[in-house]
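Scroll down for the structure; my scribbles are underneath it.
No lab work stands behind these numbers, since they all come straight from the coordinates. For clarity, every value in this text was computed on a predicted model and none was experimentally measured. Because the Cβ atoms are built from the backbone with ideal geometry, glycine has one as well, and the counts that use them run over all protein chains shown.
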Amino acid sequence: MLIWINGAFGAGKTQTAFELNRRVSRSHVADPELIGFAIHKMLPASARRDFQDRPQWRSAVAATLADTVAAHDGPVIVPMTLVNLDYFDEIMVGLSAEGVDVRHFSLVASPDTLRRRLRTRAGYWLGRAVGNDETWAMQQIGRCVTALATERFTEHVDTDDRAVDDVVEHIAARTDLHLAHDRLNPVRHQLPPAAVGIRHIRNLSGDRQTGRSRSRSTKSDRRPVVDPYSTYQLDDELPGGDV
């Protein structure tokens, strides 16, 4: 089984994915962005645009995820924003052709909630420290919220004023997954967010497209940077906090 966790930037996809991974035995997280970053590394800076627009990214994602599911004895969890309906259908058709059982969830929240999360999370300041900001992610909120609200992107999971644990338990219940591990206590809840955030900085900050400020970027000029929308965050991970 493959669990695709979709959502706008700031929705908490990777927070949810890694906490689900921690609580479900034999689960595995597979991040399609890594394929996009690899494609970018092979291209000159002038040719690096939104990797989702490249057919080889979409075909490689479908093929690699199908291989991952076939090779792994347990659920595969995929945190990835994908709001272009044509691209979404292309990947889903590819997975279906390989017999992959896909369970899709869109984490939804109001634009105000998403903006607040992007502005207040620890990753924002870590990103600023390495010369990146989240202007591009902010600019995509309206587009993502509108697209993901459609029926094609069900099942919708409302994350406004909802803790990560609640979302994880909802997805587990909907997919009949057994949660082998309990919720973290408040102190231990603070550790995974920092670790995942540091890992994202290490993986992403060295894969920039250009030296231009992200504030001047457009949809066709996506820069892989410190992930502003899919890292564990200290504030959002505390019990009772938002996703």
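Taken together, Asn21, Asn6 contain a single residue that is among the polar types (S, T, N, Q) and over 9 Å from the mean Cα position of the chain (by Cα), which is Asn21. Of everything in segment 1-40 that is part of a helix (DSSP H, G or I) and free of Cβ contacts under 8 Å to residues at least 60 places away in the same chain, the residue that is surrounded by the fewest Cβ atoms within 10 Å (Cβ to Cβ) is Ala38. For segment 99-113, a residue qualifies if it is touching a residue at least 60 places away in the same chain (Cβ under 8 Å), surrounded by fewer than 21 Cβ atoms within 10 Å (Cβ to Cβ) and part of a loop (DSSP other than H, G, I, E, B), and the qualifying residues are Val100, Asp101.
Do we find a residue being among the charged types (D, E, K, R) and over 22 Å from Gly36 (Cα atoms) anywhere in segment 89-108? Among the residues of segment 89-108, at least one is among the charged types (D, E, K, R) and over 22 Å from Gly36 (Cα atoms), which makes the answer yes.
Being crowded, with 22+ Cβ neighbours inside 10 Å and in a helix (DSSP H, G or I) is not true of Gln56. Listed by first and then second residue, the pairs linking a residue in segment 71-83 that is farther than 16 Å from Asp176 by Cα to a residue that is of a type in the set (D, E, K, R), with Cβ atoms under 6 Å apart and 6 or more places separating them unless they lie on different chains, are Pro79/Lys13. Which residue is nearest to the chain's Cα centre (by Cα), if the candidates are limited to segment 74-98 and must be at negative phi and in a loop (DSSP other than H, G, I, E, B)? Ranking the candidates gives Met80 first.
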